[in-house]
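Notes follow the structure.
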Amino acid sequence: MTRFDVEPVPVSRIRETNELFRTALHAPVSSDEKWELAARSYQTGRTWGVLDEGEYVGTASSFGALLRVPGGAEVPMAAVSRVAVRADHTRRGILTELMRTQLTDAARRGEPTATLRASETAIYGRFGYGVADRSRSVQVRADRARIGDLGGEGTVRLLRTDQLATAPPEIYAGFGPYRTGMISRPAEWWVPRVEMPLKDGRNLRGAVHTGSAGHRDGYVLYEVKVPDDAGFDGAVLTIHDLHAPEPAVRRRLWRFLLTTDLVGTVEMHTAPVDEPLEWWVGDPRAVRTKGIEDATWLRLTDVPAALAARSYGNAEPVVLEVRDSLLPDNSGCYRVTAEGAARTDADPDLRLSSAALAALYQGDVRVSVLATAGLVEVLDGAALARADVLLGAEETPWCGTYF
Ligand SMILES: CC(C)(COP(=O)(O)OP(=O)(O)OC[C@H]1O[C@@H](n2cnc3c(N)ncnc32)[C@H](O)[C@@H]1OP(=O)(O)O)[C@@H](O)C(=O)NCCC(=O)NCCS
């Protein structure tokens, strides 16, 4: 028994935990009108709270989704967000208890993975989370970009404002997670991305790409601002969400944005690291990468189930010893082969923490890189090259969904 018990938050008190979260992030609390919408962004029965003298002092929430893992399987996942401890109660172990309860609950629900976006990178490694994919913040100068039209059939059409809340969710659901690291998006995810900004009077816009067969195969949601000191042609267009499984369609959507009149700059803060923007535009210096940052923090809540769900490269087997102090049932040895992975009694070749395993899971970083960093202990040197092949992935993971 800890001093602070973690309990499910009843629906009638979710708003209190929302206030706690917003206050912890130094954001204003929601008005009654805004809360009406924000309440719809919670999935029932997935918010935990810690009470002190009847007031919430800690909270963590999640929604359920599917995560696409190497090999193409879609694995149940807890998408963790709204994590906060009240400023007068920090550093007493409240988050530690919230994490233990939330992650144990996810495993019990049949969600072998949990992911989140971290406000600070120092927080989640100790709870077994590792950086599993990254994204790129990029700015493109419209006047120098000159993306040519490659031909092919398809049209880009602007959405009316009243279509913004319906068309993108339908299109996204239509193609689903098409790349390793992508997730499914429940209805609750969309509320703060479209309805809430529109209610706030923000300048949200959208466009849809329709292919030759009349099939809607891509869309973009964006916002345009004209900075005070810029002329009419200095508008900054920020892409909030751009998805299309086909690269040619993504290129066409970028082209549409870059050739929109009076737009000086197109920027995206969560672009895939490997989107070939520099190769699409006539002048590669039109593209400026402002940074590449951690995006998905992944936690394997049920290591045997998660390891069994993904595919592996073609190499001789290795045995990994995983150490998981928060969820000790995960600790033990796993034999990873080209055909799959399962528990074993064999001696380990490599030893690593649950956080290091999570960082390796989607294939964003190689085992040998983490060994060089001292995060994988090498017991048999010959195993390292095999592990690189087995755990490597054919494509760079990218989630493309912020929460
Ligand atoms: C981040 C936050 C939830 C941590 O809650 P907490 O109850 O203070 O965390 P704990 O007491 O359980 O801390 C556990 C360990 O993590 C460390 N830790 C926690 N937050 C940390 C931070 N922001 N930076 C560095 N270390 C941190 C603690 O020092 C402690 O280390 P120890 O075990 O070596 O003593 C809380 O500070 C908070 O609400 N911050 C503002 C909102 C926020 O950033 N939320 C996260 C959104 S992703």
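The values are calculated or read from the model by the stated rules, or taken from the named source; none is laboratory data. This structure is a prediction, so every number in the text was calculated from the model and none was measured. Cβ placement follows ideal geometry from the backbone for every residue including glycine, while neighbour counts extend to all protein chains displayed.
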Among the residues in segment 18-33, are any more than 16 Å from the ligand (Cβ to nearest atom), surrounded by fewer than 16 Cβ atoms within 10 Å (Cβ to Cβ) and not in a loop (DSSP other than H, G, I, E, B)? yes
When restricted to 119, 184, 137, the only residue out of contact with any Pro (no Cβ under 8 Å at 6 or more places or on another chain), more than 22 Å from residue 277 (Cβ to Cβ) and surrounded by fewer than 23 Cβ atoms within 10 Å (Cβ to Cβ) is 119
Going by what's in this entry, would residue 147 be described as of a type in the set (Val, Ile, Thr), in contact (Cβ under 8 Å) with a residue 60 or more places away in the chain and assigned to a helix (DSSP H, G or I)? no
Members of segment 127-152 found to be over 29 Å from residue 281 (Cα atoms) and either within 13 Å of the ligand (Cβ to nearest atom) or more than 15 Å from the chain's Cα centre (by Cα) (or both), listed by number: 127, 128, 129
Condition set in contact (Cβ under 8 Å) with a residue 12 or more places away in the chain and assigned to a helix (DSSP H, G or I), scope segment 150-169, selection surrounded by the most Cβ atoms within 10 Å (Cβ to Cβ): answer is 168
Counted residues in segment 65-83 being part of a loop (DSSP other than H, G, I, E, B) and either modelled with pLDDT under 95 or within 16 Å of the ligand (Cβ to nearest atom) (or both) come to 0
Mind checking whether some residue in segment 84-107 is part of a strand (DSSP E or B), closer than 20 Å to residue 7 by Cα, hydrophobic (A, V, I, L, M, F, W, C) and within 12 Å of the ligand (Cβ to nearest atom)? yes
Looking for something assigned to a loop (DSSP other than H, G, I, E, B) and touching a residue at least 60 places away in the same chain (Cβ under 8 Å) - is there at least one such residue anywhere in segment 44-64? no
Kindly indicate whether residue 307 is more than 30 Å from residue 143 (Cα to Cα) and touching a Pro at 6+ places or on another chain (Cβ under 7 Å). no
Report whether or not residue 124 is touching a helix residue (DSSP H, G or I) at 6+ places or on another chain (Cβ under 9 Å), touching a residue at least 24 places away in the same chain (Cβ under 8 Å) and among the aromatic types (Phe, Trp, Tyr). yes
Do we have any residue at all in segment 351-363 that's over 27 Å from residue 117 (Cα atoms), in a strand (DSSP E or B) and over 26 Å from the mean Cα position of the chain (by Cα)? no
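Conditions tested, residue by residue: (1) assigned to a loop (DSSP other than H, G, I, E, B); (2) crowded, with 21+ Cβ neighbours inside 10 Å; (3) among the charged types (D, E, K, R).
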| position | (1), (2), (3) |
| --- | --- |
| 173 | no, no, no |
| 195 | no, no, yes |
| 202 | yes, no, yes |
| 212 | yes, no, no |
| 218 | no, yes, no |
| 223 | no, no, yes |
Out of all the residues in segment 108-126, is one or more in contact with an Asp or Glu (Cβ under 8 Å, 6 or more places away or on another chain), within 16 Å of the ligand (Cβ to nearest atom), under 26 Å from residue 184 (Cβ atoms) and not hydroxyl-bearing (Ser, Thr, Tyr)? yes
Just the residues that are hydroxyl-bearing (Ser, Thr, Tyr) and in contact (Cβ under 8 Å) with a residue 40 or more places away in the chain, please, taken from segment 365-403. 396, 401, 402
Tell me the residue from 380, 329, 345, 388 that is in contact with a Lys or Arg (Cβ under 9 Å, 6 or more places away or on another chain) and not in a strand (DSSP E or B), please. 388
